[in-house]
Each structure stands twice: as structure tokens, then as C-alpha cells.
Amino acid sequence: MATLRKKDKARSRRRPSSAPRKKFRRSTARRASTDDVELRPGKSKTATTLPEGAARLFWHVFHKGSRAGRAFIVALNPESKDHPDASITVELNEASQGRGIGTIAFRRASELSGYIEVSASIKKSNIASKIAASRAGFEILEDEPGRALVMVWRKRS
């Protein structure tokens, strides 16, 4: 019976991945200015079932007139402006990534929602989203091992 080395044991315990992970690399592309990014209200084309009483705010993200992605906020308790339990998601096209558009989209969507507090649940491996949310004013709320990072944006008074 062959014995596995420590390194090989760790490899054999890993869950197989369907696609290789892309290594994070800082972009050298020119940063977008806040004037170049626009959030236009819209509707999602995908039918998403929301819990009863929940609301979804949706925006198309444009950079210099071209579609760059989408941003949406789901509020489980939209009637309460103080505690809406609102969660944001920002998704950008690959060509629009790495230029600061995500940072602007996180901040603008949070401001446009009118909510006092908006949270973001981000995988710890998603370095770009962590940086974008942090630059947009989100602060770490929960950082427990084995769980997603929870960040929160609070409206300034």
C-alpha cells in the first residue's frame, strides 16, 4: 500500500473544479471617471422568484454609452427604510472589468436605492469585488472562516 505525502493528501481532498481559477491581476487599463459611468433603471430579463413582500431594484450599467453590466439590489423588507435587509449584486462584462466601473456601480446603486444600509456578500476568492466594494465605501461586517465576506454600506448623514 502506497503512502501519500502531505502535499498529495491535500490535493486529493480538494473538490474538483470545472474550470481553472483565473489569477487576479491588477488591470493596466485606464480608470473610468464617474462622469463616464451611468446607471439606467431597467428590468431583469431573467425571471427571479422573490420572497413575498420583497422588492428588486435593477439598473443597466453603461460606460461611455456602451453596456458594461448590471447592478441590482434585493430588499427583503422594502417598506422599512431603516432596516430593509437590502443586498447588492454588481456584475460586469469581462471587457469592462478592472477600470473602476464596479466601484462606481456599487456606490451609485447604493445611493440610488434610498436605503440607509446596503449589504454585499462576496466570496473571499473574489478579490476584485472586495476591492471595488471597499473603494465604494463598504466596510467589513462579518469575516468568519469558511464563509463569504459580508460588507455593508451606510448612507452618510
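The values are calculated or read from the model by the stated rules, or taken from the named source; none is laboratory data. This one's a predicted model, so the numbers in the text were calculated from it and none came from an experiment. Neighbour counts are summed over all protein chains in view; Cβ atoms, including those assigned to glycine, are modelled from backbone coordinates with ideal geometry.
Of all residues in region 76-104 being touching a strand residue (DSSP E or B) at 6+ places or on another chain (Cβ under 6 Å) and modelled with pLDDT under 90, which is nearest to MET151 (Cα to Cα)? If we take residues in region 76-104 being touching a strand residue (DSSP E or B) at 6+ places or on another chain (Cβ under 6 Å) and modelled with pLDDT under 90, then PRO84 is nearest to MET151 (Cα to Cα). Taking region 1-75 as the region of interest, the strands (runs of 3 or more DSSP E) fully inside it that hold 1 or more residues being at pLDDT below 95, of a type in the set (Lys, Arg) and under 26 Å from ILE131 (Cβ atoms) are 55-63. Here ALA133, ALA148, ALA120 are screened, and the one residue that is within 20 Å of SER33 (Cβ to Cβ) and among the small types (Gly, Ala, Ser) is ALA133. Just checking, which of GLY65, GLY98, GLY114 is over 21 Å from TRP153 (Cβ atoms) and more than 16 Å from the chain's Cα centre (by Cα)? Step by step, each of GLY65, GLY98, GLY114 is checked, and only GLY65 is over 21 Å from TRP153 (Cβ atoms) and more than 16 Å from the chain's Cα centre (by Cα). Contact map, region 90-106: residues that are of a type in the set (Ser, Thr, Tyr) paired with residues that are part of a loop (DSSP other than H, G, I, E, B) and buried (at least 22 other Cβ atoms within 10 Å of the Cβ), Cβ distance under 9 Å, separation 6+ or inter-chain. Pairs shown: THR103/ALA136.
Residue count for region 138-151, restricted to those that are buried (at least 18 other Cβ atoms within 10 Å of the Cβ) and assigned to a strand (DSSP E or B): 2. Just checking, which of SER119, SER113, SER129 is closer than 18 Å to ALA68 by Cα and of a type in the set (Ser, Thr, Tyr)? Selected residue: SER129, the only one of SER119, SER113, SER129 that is closer than 18 Å to ALA68 by Cα and of a type in the set (Ser, Thr, Tyr). Considering region 85-95, and only residues there that are over 16 Å from ARG31 (Cα atoms) and outside any loop (DSSP other than H, G, I, E, B), the residue that is farthest from the chain's Cα centre (by Cα) turns out to be ALA86.
Taking the criterion of being more than 19 Å from TRP59 (Cα to Cα) and not in a helix (DSSP H, G or I), the residues of region 100-137 that qualify are ILE122, LYS123, LYS124, SER125, ASN126, GLY137.
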